[in-house]
Amino acid sequence: MTVTMPAEAPATGGIAAEVAAACAGIEGTAPERVLGAVRSGDGASAAGLRDLAIGEAAALVAVEPGYSRVAARLLAARIRDETAEAGVRSFAGSVAAAHAEGLLADAPAAFAAANAAALDALIDQGADDRFGYFGLRTLYDRYLLRHPRTRLVLERPQHFFLRVAVGLSDTVDEAAELYRLLSTLSYLPSSPTLFNSAARRPQLSSCFLLDSPQDELEAIYERYGQVARLSKYAGGIGISWTRVRSRGSLIRGTNGHSNGIVPWLRTLDASVAAVNQGGRRKGAACVYLEPWHADVEEFLELRDNTGEDARRTHNLNLANWIPDEFMRRVEADATWSLFDPKEVPELTDLWGDAFDDAYRAAEKEGRYVRQIPARKLYGRMMRTLAETGNGWMTFKDAANRACNQTAEPGRTVHLSNLCTEILEVTGEKEAAVCNLGSVNLAAHVSPAGIDWERLRATVRTAVRFLDRTIDRGFYPTPEAETANRKWRPVGLGVMGLADVFFTLRLPFDSAEARELSTRIAEEIALAAYAASADLAEAHGPLPAYAETRTARGQLHIDHFPDAAPTRPAEWDALRARIAEVGLRNSLLIAIAPTATIASITGCYECIEPQVSNLFKRETLSGEFLQINGYLVEDLKSLGLWNDAVREAIKRANGSIQGLVDLPGEMLDLYRTAWELPQKALIDLAAARTPYIDQAHSLNLFMETPTIGKLSSMYAYAWRSGLKTTYYLRSRPATRIAQTTVAAAVCSLENPETCEACQ
Amino acid sequence: MPLLDPGMDLTLRPMRYPDFYERYRAAIRNTWTVEEVDLASDLADLARLTPAELHLVNRLVAFFATGDSIVANNLVLNLYKHVNAPEARLYLSRQLFEEAVHVQFYLTLLDTYLPDQDERARAFAAIEHIPSIRAKAEFCFRWIDSLGALDELRTAADRRAFLLNLICFAACIEGLFFYGAFAYVYWLRSRGLLNGLASGTNWVFRDESMHMEFAFSVVDTVRAEEPELFDAELTAQVTTMLEEAVEAELAFARDLCGDGLPGMGAGDMRAYLEYVADQRLARLGLPVRYGTANPFAFMELQDVQELSNFFERRVSAYQIGVEGSVSFDEAF
């Protein structure tokens, strides 16, 4: 791949010097390369020239990953200029400007003014250099506070991190402690906390789970209102619809028949699409339905892009909330009965043996609407997954069995959330809420291994500040506030597991990788519970502590007799301490997808393998190339990082398996999610489960899904004891002709003879 | 029986060209609908474009308004008639549907971008009144008409005329005019503008790529069956045709870009078009004409697999038409 250098006059003066400075010290980058495009933009303003240079550097990332940092430095300069134009020169100045425009609350603004010098001294001047372009661009486009009218940014990236820390702190020392984690990209709270910390309306929670509306008109419309209010403040919504009567059910008030759940979900779909989260991201919701609901087949068609549009919902995500009884019937090739929830309202609130008994009794009494082969419905679920990626498989009994909130009878987890990592009890007056944050594992690993002590320290700080979000947060609905203050759940997760494996050269499906991944989960759980016990000692246990399994002496890990903790003595000590002081939080661990915050930190998402060695991200702020920097380093050390190899990786859609000259160890290490056995992903998740008291967002990948492969895979996931799964990712059946890859056939084995690549 | 022999063959078994049939099936798996494209955010972008950018977008929309209808017309009038294998005609039927979806997409786009009825009418009339668009349309009509008198491809000259028509629509119209238009869309997209247009364009682009590939595989098939058709004169004619197409598209580029926009100008566009034209010649097994390199780094993004974040834009990668039955012992 070559870039033409138009034979126009070279750019001079400011921009040339600036680009040279941005390239300084970054190996493999050359200012001339970036300036090529700038020359063709003659006549643009100085700021316009810099924007061109930023775009050009960003486009060169696939040639040399170092250009990502070059583009980031240029963007940081742009942000500096922009804040200066807005009159912002210090942290205190930034907070004062944002407060004057009504963007920040009075208390944090007063705190920042009172401690201006001390807080300014905390700013790590070199910290911006840790950003890659995509990360900084994401911050700039969507996170940094802007002036309401001029749209100029009012804070620099480090001001932003410190502002987030100040919003959650009582003292300068506390702010310093959290700021250090953020500025070193060691830990990031979830997006709502980043958006809204210190704001006038500090809605800090990521996820809301709403119980199914009761089966009546007023209840359904009341629930639409709750969804809209929650969406407005950047929360993702999970909502069950299992209690609403199915099609053909008699409506006594009018002596008519119900049209079932589809028309209601169409209204929900439109409502979710209408509420745009402050222009920063689109509203999103996932609807959960249990597979005994008689409308389940129509439910599974809601995302099809064929058929009658009046029966489609293009914006809703869909999830199946599956009792074990269904999976057992599938395995036994038995019959499955479909019910109208109006006729059997008891099923929704039952799980485990009680559900099985009630289901079988209702079946025996002939109260079903109709019966179908269980496998037929299961096959339909698999088809929906393959065709839309939606219709996530989540397991009601596994979710309830080990949940710390289900100790008392009648308390049931009715659904998961938008990303299938939160499992909390909901009820008529109780909307479950979760505040999330993720440890960046990439910042805690070196070729020598994990820095366990630092990891534990990060977790302790993270849990303290996650707990703080519960009290500092603004809640859009009273149902959310009541539940969150009573149960105080938080969800600490991770990102960058793939970075750990690359750094330590462990293939994703190796026994060593599974062992390490499990150990990481164990260490995080130990440290998180210990931190929550400390908080309980200081502030008292959570108000509903008496209703938890923990209060009965049961920890999450006790539900998994096969788990083999590596630090049994620490678990014993922790157990004794919790018996004494209790816990401040009913739930502590949930591994969220981390899509945006992993972008900001520049690590791989949560617990996922890489999707490709070379891919692009499409986001609201444009398209960005991402290349596997670990692979590039390896190729460079072999002297193989050249145009021919780059083209070959591009042509192979980011796979390196066709590069025959590479050592087998590299081929193994750099397999993509499409090339890894999915069984390994499920095994890793299953091994981690004893240490995850909520759940994890587990995507599964299959290039060309078939019903046979999918049904085997999801049955295995269920048998392995997973509580939830997330998207099924598949690939397009056809794709565009590549424009910038030479049309002629390239001989990979003999790149020097291949004219196309010269 | 060679593919271009006159007739209306109906025999699918044994199948002579299973590759065409597989292309038909793959196309069905990638069905998309216009309703899936969200153009809402584009309106806010349009309001903040500079006059020069707005001019470019309006011209582009005017070209899109009629472009796919022209391709569909040639498909019905010429290609379907002469490509004599039912599996190939299955593909062409599918392609006709896709062209219809594209027409609908651009109609929806135009209705969304241009709320004023008179402006909409003017966009459709651009083919008469805007010289740079008219010139491209005339180029297309000339090649549609080139086969008008032929009911059957009896002689080698007839078949060469057909090949020129086929290559024109694949390499020059879908493969160059449309690729040029897509480049403007992705240039805007690289600056964070008109994401809705770009996301619909991704799907149109994917379809057009497949149409082009089908046409080229018809050319490959004919070459294997009747190599004598591919003489020096045909090579010269194809090269000349591509040169004309580059010039027509370049005139369009001058009209769109005026004195140049940041990162986009007629000079860059010439290089890009020459680069694309060379790609088409190479795919046809002919010598490249220009030897120009691609100047648009942002086009490189279009070659790389996407990873959509579901909080943002709809994932377009899912498949329609999945096979198999429930089982528990398959490898995964």
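Computed from the coordinates by the stated procedures, all read-outs in this text should not be read as laboratory data. Just so we're clear, the structure is a prediction, and the values are computed from it rather than from any experiment. Positions of Cβ are backbone-derived with ideal geometry, glycine not excepted, and every protein chain shown enters the neighbour counts.
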Exercise for the section: Collect residues whose amide H, placed 1.01 Å from N in the peptide plane, falls under 5 Å from the amide H of A:L588; neighbours closer than 5 in sequence don't count. Expected result: A:V490, A:D693, A:Q694
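Counting only other chains, and only Cβ atoms inside 10 Å, what mean value do you get across the residues of B:270-281? Please list the in-between numbers first.
Values: counts 0, 2, 2, 0, 0, 3, 3, 0, 3, 8, 1, 1.
Mean partner-chain Cβ count within 10 Å for B:270-281: 2.
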Problem - Tilt relative to chain A, helix A:157-167 - C-alpha long axis, 0 to 90 degrees, to 10 - result: 40 degrees
Exercise for the section: Decide, for chain B, between rounded, prolate and oblate: order the square roots of the alpha carbon gyration tensor eigenvalues as a ≥ b ≥ c, take rounded if a/c falls under 1.5, and otherwise choose prolate if a/b is larger than b/c, else oblate. Expected result: oblate
Exercise for the section: Give the long-range amide H neighbours of A:F701: residues separated by 5 or more places, or on another chain, with amide H under 5 Å away, using H modelled in the peptide plane at 1.01 Å from N. Expected result: A:R729
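Other chains near B:29-36: what is the mean number of their Cβ atoms within 10 Å of each residue's Cβ? The partial results should precede the final answer.
Details: counts 5, 4, 4, 1, 5, 0, 4, 3.
Mean partner shielding for this stretch: 3.
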Exercise for the section: Find which of A:V369, A:G629, A:S438 sits farthest along the positive direction of the dipole of chain A, computed with +1 on the beta-carbon of Lys and Arg, -1 on that of Asp and Glu, about the Cα centre. Expected result: A:V369
Exercise for the section: Starting at the first residue of the range A:465-477, write each ³J(HN,Hα) from the Karplus equation 6.51 cos²θ - 1.76 cosθ + 1.60 with θ = phi - 60°, in whole Hz, x for Gly and Pro. Expected result: 7, 5, 4, 4, 4, 4, 7, 7, x, 9, 10, x, 9
Exercise for the section: Among A:F111, B:L12, A:L181, flag the residue with its Cα farthest along the positive direction of the charge dipole of the protein assembly as shown, charges on Cβ as +1 for Lys/Arg and -1 for Asp/Glu. Expected result: A:F111
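How about the range B:133-214: which GluC sites (Glu not before Pro) there lie in a loop by DSSP and see at most 13 other Cβ atoms within 10 Å?
Numbers: sites: B:E138, B:E152, B:E174, B:E208, B:E213; in loops: B:E152.
Those satisfying the criteria are B:E152.
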Practice task
Sorted from largest down, give the three principal axis spans of the alpha carbons of the protein assembly as shown, whole angstrom values.
Solution key: 94, 76, 62
Practice task
Would you mind checking the pairs A:K364/A:K396; A:K396/A:K709; A:K232/A:K396; A:K616/B:K136; A:K376/A:K429 and listing those with alpha carbons more than 25 angstrom apart?
Solution key: A:K232/A:K396; A:K616/B:K136; A:K376/A:K429
Completion exercise
In the range B:40-302, taking the dipole from +1 charges on Lys and Arg beta carbons and -1 charges on Asp and Glu beta carbons about the Cα centre, the listed residue (B:A171, B:H102, B:L193) farthest towards the positive end is B:L193
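Sort A:104-113, A:607-616 by packing, meaning the average of other beta carbons within 10 Å per residue, with the highest value first.
The densest-packed peptide leads the list: A:607-616, A:104-113.
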Problem - Vicinal HN-Hα couplings computed from phi for the range B:260-272 (Karplus, 6.51 cos²θ - 1.76 cosθ + 1.60; Hz; Gly/Pro x) - result: x, 10, x, x, 8, x, 4, x, 4, 5, 4, 4, 4
Problem - Karplus (6.51, -1.76, 1.60) ³J(HN,Hα), θ = phi - 60°, over the range A:286-293, in Hz, Gly and Pro reported as x - result: 10, 9, 9, 9, 7, x, 8, 5
